[in-house]
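Read the structure below first, then the notes.
The values are calculated or read from the model by the stated rules, or taken from the named source; none is laboratory data. Bear in mind the structure is a predicted one, so any value in this text is a computation, not a measurement. Virtual Cβ from ideal backbone geometry, glycine too; neighbours counted across all protein chains shown. Heads up: the accessible areas ignore ligands, DNA and RNA and are worked out on the full protein's heavy atoms, side chains in. Shrake-Rupley method; radii C 1.70, N 1.55, O 1.52, S 1.80 Å.
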Amino acid sequence: MSKVLVSDPIDQAGIDILSQVATVDVKTGLKPEELVKIIGEYDALMIRSGTRVTKEIIEAGTQLKIIGRAGVGVDNVDVAAATRQGIVVVNSPEGNTIAAAEHALAMMLSLSRHIPDANASVKRGEWDRKTFVGAEVYKKTIGIVGLGKIGSHVATVAKAMGMKLLAYDPFISTERAEQLGCQLVDMDLLVQQADYITLHIPKTPETTHLINANMLAKMKPTTRIINCARGGIIDEEALATAIKEGQIAGAALDVFESEPLGESSLRSLGKEVILTPHLGASTTEAQVNVAIDVAEQIRDVLLGLPARSAVNIPGLGPDVLEELKPYMQLAETLGNLVGQLAGGRVELLNVRLQGELATNKSQPLVVASLKGLLFQALRERVNYVNASIEAKERGIRVIETRDAAIKDYAGSIHLEATGSLGTHAVTGALLGDGEIRLTNLDGFPINVPPSHHMLFTVHRDMPGIIGKLGSLLGSFNVNIASMQVGRKIVRGDAVMVLSLDDPLPDGILTEITKVPGIRDAYTVTL
Ligand SMILES: NC(=O)C1=CN([C@@H]2O[C@H](COP(=O)(O)OP(=O)(O)OC[C@H]3O[C@@H](n4cnc5c(N)ncnc54)[C@H](O)[C@@H]3O)[C@@H](O)[C@H]2O)C=CC1
Ligand SMILES: O=C(O)CCC(=O)C(=O)O
């Protein structure tokens with residue numbers, strides 16, 4: 001049975017799902033060196049933001065197949081190291097969207113009305129109404145940085161509260177922004193005009209210290225900043241100085257450059273600063289959502305199924321996956337087959353996606369073809385995560401083409417590989433019931449299902465050859481399960497495709513090519 005380590009607090013709903021297929025150990029609060037010591041025993045690791053999954057931990061995780069982040073941000077996982085090792089990294093892109101958006105909105109209102117400090121003063125026995133005079137958000141301008149899932153929900157609610165909406169997001173269309181009632185502007189204009197600035201972007205090299213002394217200097221003295229995205233997007237020292245010097249009115253932060261927050265000048269500031277300990281996703285609802293979402297993906301991967309929200313398998317989103325799932329196996333089978341026909345060292349793979357597969361969404365089929373192509377070399381070590389990297393490192397050039405006009409089947413895949421045994425091409429499609437059919441081999445039309453042991457010959461189409469080959473295989477005690485001949489013209493060149501019950505014994509291929517009329521013979525194990 002597989003073993004899963006849960007190293008951060010996760011809702012029981014997730015543990016219950018994992019327990020259907022694995023032994024689950026919940027060990028929270030482990031030090032990095034403790035995690036390195038034990039991770040080698042586990043097939044999967046499930047985390048929240050508390051565990052930092054470093055390269056060292058990943059390298060020690062020799063059995064790991066999947067790392068599941070019960071949340072959105074995967075900046076606490078060395079995704080590049082995981083990808084290199086063929087480990088799928090999944091997250092829950094939507095499970096905590098509402099929780100994080102509501103936290104940002106709560107922070108904005110709390111900051112405007114000094115709720116945390118007013119509450120603390122009443123609890124101390126005071127009744128001070130003068131100190132806590134606040135500001136309304138109605139008719140004020142909110143500048144939303146990052147108009148993705150969380151930013152969009154913040155926009156919807158802020159609009160309903162009567163705010164004017166500006167947004168900065170270089171990857172969002174004007175139409176989408178307009179739908180949300182936002183005016184797309186550049187960052188400079190946003191910081192100059194906004195009364196409230198709320199951040200909803202990932203932390204990347206481009207966004208690190210996006211809000212720095214220079215940006216803070218452009219803001220109005222009444223501006224308040226909210227960060228419920230990631231620590232480090234704001235330069236905390238510059239922020240503390242700007243607030244102390246009255247350059248801006250305040251800030252509400254849920255995330256910090258270093259968590260838990262240690263010594264910080266932000267702690268000593270008064271009611272103009274609100275700090276929460278990374279609570280954006282901490283609602284009962286969000287924790288159930290993310291735990292179920294990620295646990296289901298871990299369960300699926302441990303059962304050999306694809307994950308719907310893998311962050312390191314480009315293009316394999318849930319909708320795409322649903323559409324392509326039947327074709328992924330076809331692409332892999334064809335890749336494996338053509339790789340063996342072309343000989344071990346393939347230099348070039350042409351992938352032609354035909355019919356309904358001739359869309360940009362079909363890119364994962366190219367990855368699946370590479371996974372199949374590399375299977376003989378790498379066996380279980382190649383997967384959808386590392387197939388492209390492994391191919392690149394082996395110097396395999398990949399050319400993708402799409403041809404919507406080829407409609408012999410609804411969708412078909414044509415692979416042509418050039419390797420040490422020359423160039424070979426194979427085409428395959430799916431029947432209505434999802435069964436795979438090989439429909440063309442090196443230009444010869446065929447119609448055969450793939451099987452475990454196969455033999456292909458190229459021969460002259462002339463009487464007697466099939467009988468001679470059958471007798472030869474019989475003399476080696478190899479049983480033929482099925483056989484088909486494909487030819488373009490009568491008495492010209494032809495191919496024979498045989499499904500065998502047994503693997504071919506060593507040396508028999510040479511015997512086969514000695515049969516008069518047989519030019520070439522290839523054996524393949526799928
Ligand atoms: N405080 C908490 O507990 C939580 C924090 N988060 C964080 O909130 C952030 C946003 O999450 P989602 O909305 O789910 O992500 P998302 O991926 O839906 O949206 C992010 C948006 O940022 C935009 N973006 C990327 N780079 C940008 C740049 N350089 N400048 C401006 N915009 C840029 C993208 O185009 C995208 O629209 C993430 O950092 C996530 O980790 C998410 C959940 C809970
Ligand atoms: O797991 C958590 O509580 C943090 C959530 C978060 O920051 C995220 O999902 O990006």
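The combined condition, being in a helix (DSSP H, G or I) and within 15 Å of ligand 1 (Cβ to nearest atom), is fulfilled by A286. Within region 160-172, which residues are under 23 Å from P93 (Cα atoms) and open to solvent by less than 50 Å² (accessible area, probe 1.4 Å)? Selection gives A167, D169, I172.
For A281, the conditions (1) within 16 Å of ligand 1 (Cβ to nearest atom); (2) surrounded by fewer than 22 Cβ atoms within 10 Å (Cβ to Cβ); (3) of a type in the set (A, V, I, L, M, F, W, C) are fulfilled apart from (2).
Restricting V185, V157 to those that are surrounded by fewer than 23 Cβ atoms within 10 Å (Cβ to Cβ), among the β-branched types (V, I, T), under 18 Å from T97 (Cα atoms) and more than 16 Å from ligand 2 (Cβ to nearest atom) reduces the list to V157.
On the given criteria, is E263 more than 22 Å from V4 (Cβ to Cβ), out of contact with any strand residue (DSSP E or B) (no Cβ under 9 Å at 6 or more places or on another chain) and outside any loop (DSSP other than H, G, I, E, B)? Against the criterion (more than 22 Å from V4 (Cβ to Cβ), out of contact with any strand residue (DSSP E or B) (no Cβ under 9 Å at 6 or more places or on another chain) and outside any loop (DSSP other than H, G, I, E, B)), E263 does not qualify. The strands (runs of 3 or more DSSP E) falling completely within region 427-493 that include 1 or more residues that are open to solvent by less than 40 Å² (accessible area, probe 1.4 Å) and aliphatic (A, V, I, L, M) map to 436-441, 444-448, 453-460.
Rundown of residues vs (1) under 28 Å from V524 (Cα atoms); (2) in contact with a helix residue (DSSP H, G or I) (Cβ under 6 Å, 6 or more places away or on another chain); (3) in the same structural domain as A251 (by the TED database); (4) within 16 Å of ligand 2 (Cβ to nearest atom), yes/no style:
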residue	(1), (2), (3), (4)
T276	no, no, no, yes
D293	no, no, no, yes
Q329	yes, no, no, no
E332	yes, yes, no, no
G335	yes, yes, no, no
A342	yes, no, no, no
R345	yes, no, no, no
L348	yes, no, no, no
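Within region 239-259, the set of residues being surrounded by 15 or more Cβ atoms within 10 Å (Cβ to Cβ), away from ligand 1 (no atom under 16 Å from the Cβ) and outside any strand (DSSP E or B) comprises L239, A240, A242, I243, Q247, I248, A249.
Of all the residues in region 452-465, those that are β-branched (V, I, T) and at pLDDT below 90 number 1. Looking at G40, G61, G68, G29, just one residue is crowded, with 16+ Cβ neighbours inside 10 Å and touching a Ser or Thr at 6+ places or on another chain (Cβ under 9 Å), and that residue is G68. Annotation note: Cβ proximity below 7 Å between a residue of region 11-32 that is closer than 17 Å to R69 by Cα and a residue that is at pLDDT 95 or above and acidic (D, E) (sequence gap 6+ or interchain) occurs for I17/E296; T28/D8.
Which one of T204, T198, T222, T241 is modelled with pLDDT of 95 or more and more than 21 Å from P116 (Cα to Cα)? Only one candidate qualifies: T241. All conditions in (1) among the hydrophobic types (A, V, I, L, M, F, W, C); (2) within 16 Å of ligand 1 (Cβ to nearest atom); (3) assigned to a loop (DSSP other than H, G, I, E, B) hold for L269, with the sole exception of (2). Of the residues making up region 69-85, not a single one is more than 16 Å from ligand 1 (Cβ to nearest atom), over 20 Å from the mean Cα position of the chain (by Cα) and either in contact (Cβ under 8 Å) with a residue 12 or more places away in the chain or more than 18 Å from R308 (Cα to Cα) (or both). Hey, among the residues in region 93-126 that are over 43 Å from the mean Cα position of the chain (by Cα) and open to solvent by 10 Å² or more (accessible area, probe 1.4 Å), which one's farthest from L269 (Cα to Cα)? Residue satisfying both the conditions and the ranking: G125.
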